[in-house]
Amino acid sequence: MSEENIVYIGNKPVMNYVLAVVTQMNGGVPSVMLKARGRAISRAVDVAEIVRNRFITDAEVGAIDISTEEVSNMEGSNSNVSAIEIQLSK
């Protein structure tokens, strides 16, 4: 999976990420990986579902990987953040 096929989900509106995924898939990319951490996980799930149900109805959800990443914050201590990777493919 090359770096161009990855969409990192953040704090932007959901439709921005949906547009990014649909643009890549219509451009001939066979699969796109959605990556999100923390509170953006629910937004990543929304993006996957909107793409599947409204725009590219033949897209399928492939592998879903969940993990925990250790992130150091401003105070110097570490905290655990959940992460998810959702693979969408045609």
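Annotations for the structure displayed:
Here's the yes/no breakdown for (1) out of contact with any helix residue (DSSP H, G or I) (no Cβ under 8 Å at 6 or more places or on another chain); (2) among the hydrophobic types (A, V, I, L, M, F, W, C); (3) within 12 Å of VAL22 (Cα to Cα):
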position: THR57; (1), (2), (3): yes, no, yes
position: ILE64; (1), (2), (3): yes, yes, no
position: SER72; (1), (2), (3): yes, no, no
position: SER77; (1), (2), (3): yes, no, no
position: SER89; (1), (2), (3): yes, no, yes
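- Residue within the range 66-82 that is buried (at least 18 other Cβ atoms within 10 Å of the Cβ) and outside any helix (DSSP H, G or I) present: no
- Selection from the range 8-37 of residues that are in contact (Cβ under 8 Å) with a residue 40 or more places away in the chain and surrounded by 13 or more Cβ atoms within 10 Å (Cβ to Cβ): VAL21, MET25, SER31, VAL32, MET33, LEU34, LYS35, ALA36, ARG37
- In the range 46-65, residue surrounded by the fewest Cβ atoms within 10 Å (Cβ to Cβ) [restricted to those that are within 13 Å of the chain's Cα centre (by Cα) and more than 11 Å from LEU88 (Cα to Cα)]: ASP65
A short reminder: the numbers here are calculations on the coordinates, not readings from a lab. Because the structure is a prediction, the values reported are computed rather than measured. Every residue, glycine as well, gets a Cβ built from its backbone with ideal geometry; the counts of neighbours run over all protein chains shown.
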